[in-house]
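To start, the structure under review is shown below, and the notes come after it.
Bear in mind that the values in this text are calculations on the coordinates, not laboratory data. Here the structure is a predicted model, which means the values were calculated and not measured. Here the Cβ positions follow ideal geometry from the backbone for every residue, glycine too, while neighbour counts run over all protein chains shown.
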Ligand code: HAM
């Protein structure tokens, strides 16, 4: 029989790894809490038209990567990203009526049918945030600062912030024309896909990883040169604000990002290049001032970002493993098992995590298990101990041992373990 496996590009997170995930998630929650963000949870499934309208029909995500299906009469899609669903919830619950500014964060799985490789999966997790109601540019800088803080708290110190502005729809139309004029005579040099994109969505060509396209776009006009006065002032305000916060950054005038909802500020943060190689974009984000109105909501400006949790886990320096339990209760001989279980019960009454090995076995084997669990103390319960009314408490770090009365073990260990 063929062995059963998880779907391609979708991973199990086994208990040995989940501690590291909790660590990243809790640092994300606490960092975003410092900036007044609160958690939002939206469905993993949304209606397909939401993503088509929000992300854009001519994008890789919508054209090639969505898990979409029709169930009864509903066209549904497993969310490929978080922004569209969060924006839908913001509109559906008319949040703008009760909050002038909303700061929301989320953590959870996203689904994209991409070609799996290191740091790229079909089910992956994002830690993201969206801020509604502030047109920026100062909150754009603050968001970037929160991200650098988050990455620093995770021990990712080589992060590099890259920014750009793609202006409003006026500037993008002008730029689209300028880029098309530049690329049209070089059409034969472009990849097949980019030749098609030249007609449907030329900005995407700047995002292409094909060496042919990278060569062809060299010397292309840059969008920063066609921004209107308000867009330029916004971008300069962002740069001044980042400088005031002492946030280093690089301007990449070719940064366009793969989703169509963006306006003005775009940013990416790269890091962990030694471990992730070229796919080291840890965080991507930007402003999307028109999306809420385009989805039928009020005219509310917005900005957000998402970080890939798997990529953060690869990029961060490995943290020390947390112990699984702090106390291990070893039982020697059949009659000691129930006494060992009672000791463990009392330890748990005092909120001390412990494991008891009710299979018995050699003391050596049980102490090996205690070490593997990271336990600081082992309580040894044997027949002789039961007869004397006391047990041996072994400090596995200090290599010392003491005899403690059975009914005092929990109190004895409370302040120590
Ligand atoms: P994105 O650039 O598509 O943006 O994804 C953000 C991050 O998610 C990437 O930088 C990467 O770390 C991670 N990521 C994306 N695809 C995969 C994958 N297949 N496997 C592993 N990690 C992946 C967005 O999703 C926007 N919603 C961000 C945003 C929020 N913009 C405004 N608000």
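Values computed for the structure shown
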item: Efficiency of FRET between residue 196 and residue 16 - r from beta-carbon atoms, R0 51 angstrom, step 0.05; result: 0.65
item: Nearest 10 degrees, 0 to 90: helix 229-244 Cα axis against the chain principal axis; result: 30
item: Where the Cα pairs of the range 230-292 fall when distances are cut into 5 Å bins, in %; result: 3, 14, 21, 25, 19, 11, 5, 1, 0
item: Shape box of the range 121-168 [Cα atoms, principal axes, largest first, Å]; result: 31, 27, 20
item: Between the range 8-46 and the range 59-103, the Cα center-to-center distance that results, in Å; result: 19
item: Near-label residues of the range 29-64 by backbone N, under 20 Å of a point 7 Å along Cα→Cβ of residue 98; result: 36-43
item: Order of 339, 139, 354 - criterion: other Cβ atoms within 10 Å of each residue's Cβ, fewest first; result: 339, 139, 354
item: Antiparallel bridges, percent of DSSP beta bridges restricted to the chain (to nearest 5); result: 80
item: Pairs of alpha carbons in the chain whose separation is greater than 42 Å (percent); result: 31
item: Helix 363-372 axis, angle to the chain major axis (alpha carbon atoms, nearest 10°); result: 20
item: Neighbour-count order for 364, 270, 174, 414, fewest beta carbons within 10 angstrom listed first; result: 364, 414, 174, 270
item: Surface/4 of the Cα convex hull for the range 78-194, nm²; result: 11.2
item: Nearest 10 degrees, 0 to 90: helix 169-183 Cα axis against the chain principal axis; result: 80
item: Helix-only CD estimate at 222 nm, as mean residue ellipticity for the chain, using -39500 (n - 2.57) per DSSP H run (n ≥ 4); result: -10500 deg cm²/dmol
item: Cα→Cβ-extended label distance, 7 Å offset, between residue 228 and residue 244, nm; result: 2.6
item: For 88, 346, order by how many other beta-carbon atoms lie within 10 Å, fewest first; result: 346, 88
item: The range 327-416: antiparallel DSSP beta bridges as a percent of all, rounded to 5; result: 55
item: C-alpha center-to-center spacing [the range 157-190, the range 254-328] in angstrom; result: 21
item: P(r) of the range 327-416 over all Cα-Cα pairs, binned every 5 Å from zero, in whole percent; result: 3, 16, 30, 29, 18, 4, 0
item: Rounded Å value of the spacing that divides the Cα centres of the range 200-225 and the range 357-417; result: 66
